[in-house]
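Below is one structure, written out as structure tokens; the observations come after it.
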Amino acid sequence: MLQGLSELGHAYLSFLNPLTLLYGLGGAFVGIVMGILPGLSATLAIALLTTLTIKLGTNDAILVLICSYVGALYGGSRTAILLNIPGTAANAASCADGYALAKQGQAGRAIGIATSGAFVSTLFGVICLAAFTPLLAEVALKFGAFEFFWLALFGVTMSGTIVGQDPLKGWLMGLLGLFVAQIGQEGLYAYNRFTFGWDELAGGIALIPALVGAFGLAEVLTTLSDPVERKMIELRDSVLPRFREVAQYWRTVLRSGVIGVTTGLLPGVGEDAGAWMSYAAAKAMSKEKEKFGKGSIDGLMAAETGDMSSIPGHIIPCLALGIPGSAPSAVLMAAMIIHGVQPGPMLMIQHPQFIYDVVAMTTLASITILLFGLFGVRPLLHILKVRRAILMPIVFLLCTIGAFATASRLFDVYAMIAIGIIAFFLRKRGYEMAPLVLGLVLGPLLDKSLRRGLVLSDGSLLPFFTRPIALAFALVTIFTVLLYVPPFKRGVNRVKDAIFGGVRAMLARRA
Amino acid sequence: MSEAPPPVAETAPHQVHGDERMPPRSDMADAIGWLALGIAILIASVSMDRLESQHINPYTVPGLLPGLLGIAMMLLGGVLGVRSWERGALSQPPMPVTADQREERRRILIVIALCAGYGVVLIGHGIPFWLASTIFVSGSIIVMQRISRDPQERQLTLRMLLKAGVIGVASSVITQLVFQEVFLVRMP
């Protein structure tokens, strides 16, 4: 405990130098700009900055990436408020009340609330990050091949189920991601799978070009293919953070903070789940339900605190288990690996200081968004006035460099373009990208765990179901999939109704 | 302005009967695609070298997981197909294409051509990166403005051409300088 506090103190002190602070501000700036631009996501911001920061030291590079992650989600709410388009998917829940407030001439107030909510909730998430990551890492040390096999499947299944509106399409995307991850040399015998004699494919489809395509080019196509260009609402009132409202709605902030961190712990679920669940909970608990969707401060606060607190929540499983909580944290994890830090159960043993460094980086990120909230919102919003015909070609130019720079291979640019076009059409047909990303990240782990597990058990499938942690993950995964089978779902509903009916009857009798 | 999406309680975890917004015919076409991909993956996995010459443990053959993924893809693709069939994929006539959709398709093709032209043809084949990027950015700005719905924006004036040129040069040169000189990143 004391050692942890000392390492945390050391981490905070190590970031107190002007150059590091400048890196943090730079990362947050790029993140906020990307977040403000509709559709350009935190994932793309981190992917592009990964290439830009490849020559920096590990801590400086990861600091830039975390600041851009927090900045992108923060910036996205401005677009939700002023344009009624979520800047990133995570800001969708802020649209209803934020835009309603903007239409009432209170856009500045809505932005101020978003700033204060974002700052406080990120700090709340940081506390959870510092407290729970070492604990989870300790539990994760007990994980073996069987547990990791189910954890990887659990992640892809949960992501497919919760992200988007159609679990079936989510699972298919997860499978596609898992399959694409199998392309190239496999880990045990260096055998080339699905390369068809093409040397370029032996290295596999790299994560950064794939994500730049799926989130960058696909978004360029989405934005430019829309025949209608949207206009933003003018800002008239002050955009300064409103901490009085944070104090007034402290219950909402705390509840949404807990929900955000908890949803963040689920693999691949994404920040939007934290926002929507916080919003739904706030609506359910509110005395002014009718105001939700029509400019409710409570609703906006819930949505903003829910998504921002889920960021540290997503980083927890990423560091402790090596399982990313969302698409942006998947890229963050890839960046850590590029910089020589392997997230996962061994992180606490190999780089114990790094977890506390990440805590300090996330704290710094929340301070940078507060600084931008105080001084930089208005000028940054001018970017929304730039025509998409001008902005999007520049975005694609950055995507091209982003895809190329990690390995200096033209093949990665071609892969980015191909994946971007496929992702664009898949998105149009109702397929979400988050399960694909999780599949891409977890594919090698699933493959390795399955084959190692089978070797350890000499071909027996029993240990996959008899070890307690593996069994728990297996049951949740199988149950989630079976819920899609109508007779099973009807049966579950009957059991649920019987239990709740019984409890209700018992309570009524006592009353 | 578009309406905000409904809150989670009305959408996510409990809605397990699929995305009702996509036309069943589209889902049927997808299902056929997924089935075909699943079958192809399964065949490729089964026919993959089992490395018997290296005397490896038979439970670690390289095609094991891809084969299982292929089977799962076929199963889920099959479910998608059955679901779309139940929703009337084969009985409903195809939806007529609207003028907006036609315009959108035209724009998609143009953007793909511009991006692929830049990424595949212009860069990496001897043209300096800044020049290739200038051609792409300026060209894209001009083309996108020419296909705009706004008649004023569509007009090809000297000012508009100059503006596109300046933006193209500035963005390309600044990007190259920042990435290459400041952050030491190699350019294509």
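The values are calculated or read from the model by the stated rules, or taken from the named source; none is laboratory data. The shown structure was predicted, so the numbers you read here are calculated from the model rather than taken from an experiment. All Cβ positions, even for glycine, are placed from backbone atoms using ideal geometry, and neighbour counts span all protein chains on display. Heads up: the accessible areas ignore ligands, DNA and RNA and are worked out on the full protein's heavy atoms, side chains in. Shrake-Rupley method; radii C 1.70, N 1.55, O 1.52, S 1.80 Å.
Output the residues belonging to segment A:76-129 that are among the aromatic types (Phe, Trp, Tyr) and closer than 23 Å to A:Glu288 by Cα. Selection gives A:Tyr99 alone.
Looking across segment B:1-28, the residues that are modelled with pLDDT of 50 or more and either within 9 Å of chain A (Cβ to nearest Cβ) or within 23 Å of A:Phe292 (Cβ to Cβ) (or both) come down to B:Arg21, B:Met22, B:Ser26, B:Asp27. Being hydrophobic (A, V, I, L, M, F, W, C), within 19 Å of B:Ala40 (Cα to Cα) and within 11 Å of chain B (Cβ to nearest Cβ) is a condition met by no residue of segment A:159-170. Do we find a residue being aromatic (Phe, Trp, Tyr) and more than 27 Å from A:Asp412 (Cα to Cα) anywhere in segment A:153-165? Within segment A:153-165 (the criterion being aromatic (Phe, Trp, Tyr) and more than 27 Å from A:Asp412 (Cα to Cα)), the answer is yes, since at least one residue qualifies. Only residues that are at pLDDT below 95 and assigned to a helix (DSSP H, G or I) were counted across segment B:54-78, and they come to 4. Among residues belonging to segment A:1-32 that are open to solvent by 20 Å² or more (accessible area, probe 1.4 Å) and in contact with a helix residue (DSSP H, G or I) (Cβ under 6 Å, 6 or more places away or on another chain), point out the one that is farthest from A:Ile81 (Cα to Cα). Step by step, filter segment A:1-32, then rank; the result is A:Glu7.
Counting only helices (runs of 4 or more DSSP H) that sit completely within segment A:448-511, those holding 1 or more residues that are open to solvent by less than 60 Å² (accessible area, probe 1.4 Å), among the aliphatic types (A, V, I, L, M) and more than 14 Å from chain B (Cβ to nearest Cβ) correspond to A:468-482, A:486-510. Taking the stated definitions as given, is B:Val111 facing another protein chain (nearest Cβ under 10 Å), over 26 Å from A:Gly184 (Cα atoms) and more than 20 Å from the chain's Cα centre (by Cα)? Criteria not met by B:Val111. Could we say that B:Gln92 is open to solvent by 60 Å² or more (accessible area, probe 1.4 Å) and either at the interface with chain A (Cβ under 10 Å from one of its Cβ atoms) or hydroxyl-bearing (Ser, Thr, Tyr) (or both) here? When the stated conditions are applied, B:Gln92 does not pass them. Scanning segment A:397-409 finds one or more residues that are in contact with a Ser or Thr (Cβ under 7 Å, 6 or more places away or on another chain), of a type in the set (A, V, I, L, M), free of Cβ contacts under 8 Å to residues at least 40 places away in the same chain and in a helix (DSSP H, G or I). Listed by first and then second residue, the pairs with beta-carbon distance under 8 Å, at least 6 apart or on different chains, first residue in segment A:209-223 and in a helix (DSSP H, G or I), second crowded, with 24+ Cβ neighbours inside 10 Å and of a type in the set (D, E, K, R), are A:Pro209/A:Asp412. Tell me whether segment A:35-54 contains one or more residues that are among the small types (Gly, Ala, Ser), over 16 Å from A:Ile383 (Cβ atoms) and open to solvent by 10 Å² or more (accessible area, probe 1.4 Å). Scanning segment A:35-54, I find no residue that is among the small types (Gly, Ala, Ser), over 16 Å from A:Ile383 (Cβ atoms) and open to solvent by 10 Å² or more (accessible area, probe 1.4 Å), so the answer is no.
For segment B:114-148, the tally of residues that are under 19 Å from A:Gly402 (Cα atoms), within 9 Å of chain A (Cβ to nearest Cβ) and among the β-branched types (Val, Ile, Thr) stands at 3. On the stretch given as segment A:429-446, residues that are open to solvent by 10 Å² or more (accessible area, probe 1.4 Å) and facing chain B (nearest Cβ under 9 Å) total 2. Selection within segment B:97-106: residues that are more than 7 Å from chain A (Cβ to nearest Cβ) and assigned to a helix (DSSP H, G or I). The member of this set that is surrounded by the fewest Cβ atoms within 10 Å (Cβ to Cβ) is B:Ala99. Selection of segment B:29-53 for residues being part of a helix (DSSP H, G or I) and either facing another protein chain (nearest Cβ under 7 Å) or aromatic (Phe, Trp, Tyr) (or both) yields B:Asp30, B:Trp34, B:Ile41, B:Ala44. Test A:Thr263 against the stated conditions and say whether it is open to solvent by less than 20 Å² (accessible area, probe 1.4 Å), within 14 Å of chain B (Cβ to nearest Cβ) and in a helix (DSSP H, G or I). Yes. Among the residues of segment A:403-418, is there at least one that is away from every other protein chain (no Cβ under 11 Å), in contact with a Pro (Cβ under 8 Å, 6 or more places away or on another chain) and at pLDDT below 90? No: segment A:403-418 contains no residue that is away from every other protein chain (no Cβ under 11 Å), in contact with a Pro (Cβ under 8 Å, 6 or more places away or on another chain) and at pLDDT below 90. For segment A:171-210, enumerate the residues that are under 22 Å from B:Ala72 (Cβ atoms) and at the interface with another protein chain (Cβ under 7 Å from one of its Cβ atoms). Selection gives A:Trp171, A:Leu172, A:Leu175, A:Leu178, A:Phe179, A:Gln182, A:Glu186, A:Leu188, A:Tyr191, A:Arg193, A:Phe194. Within segment A:1-28, the residues that satisfy the criterion of being over 21 Å from A:Val70 (Cα atoms), modelled with pLDDT under 85 and not aliphatic (A, V, I, L, M) are A:Gln3, A:Gly4, A:Ser6, A:Glu7. Residues that are among the polar types (S, T, N, Q) and within 13 Å of chain B (Cβ to nearest Cβ) were ranked within segment A:88-110; the one that is farthest from the chain's Cα centre (by Cα) is A:Ser94. As a summary of the residue check, A:Gly443 satisfies the conditions (1) at pLDDT below 90; (2) under 23 Å from the mean Cα position of the chain (by Cα) except for the one numbered (1). Of the residues screened, A:Lys103 is one that is at pLDDT below 90 and either of a type in the set (Gly, Ala, Ser) or closer than 22 Å to A:Glu304 by Cβ (or both). Scanning segment A:307-327 for residues that are in contact with a Ser or Thr (Cβ under 7 Å, 6 or more places away or on another chain) and either modelled with pLDDT under 90 or aliphatic (A, V, I, L, M) (or both) gives A:Met308, A:Ile311, A:Ile315, A:Ile316, A:Leu319, A:Ala320, A:Ala327.
For segment B:107-188, list the helices (runs of 4 or more DSSP H) that sit wholly inside it and hold at least 3 residues that are open to solvent by less than 40 Å² (accessible area, probe 1.4 Å) and at pLDDT 95 or above; which are they? Per the criteria, B:129-146, B:158-176.
You will find that of A:Ile81, A:Ile85, A:Ile127, A:Ile66, the residue that is of a type in the set (A, V, I, L, M, F, W, C), away from chain B (no Cβ under 14 Å) and either touching a residue at least 24 places away in the same chain (Cβ under 8 Å) or under 23 Å from A:Glu229 (Cα atoms) (or both) is A:Ile66 and no other. Hey, any hits in segment A:229-241 for a residue that's out of contact with any Phe, Trp or Tyr (no Cβ under 6 Å at 6 or more places or on another chain), open to solvent by less than 20 Å² (accessible area, probe 1.4 Å), part of a helix (DSSP H, G or I) and more than 11 Å from every other protein chain (Cβ to nearest Cβ)? No: zero hits.
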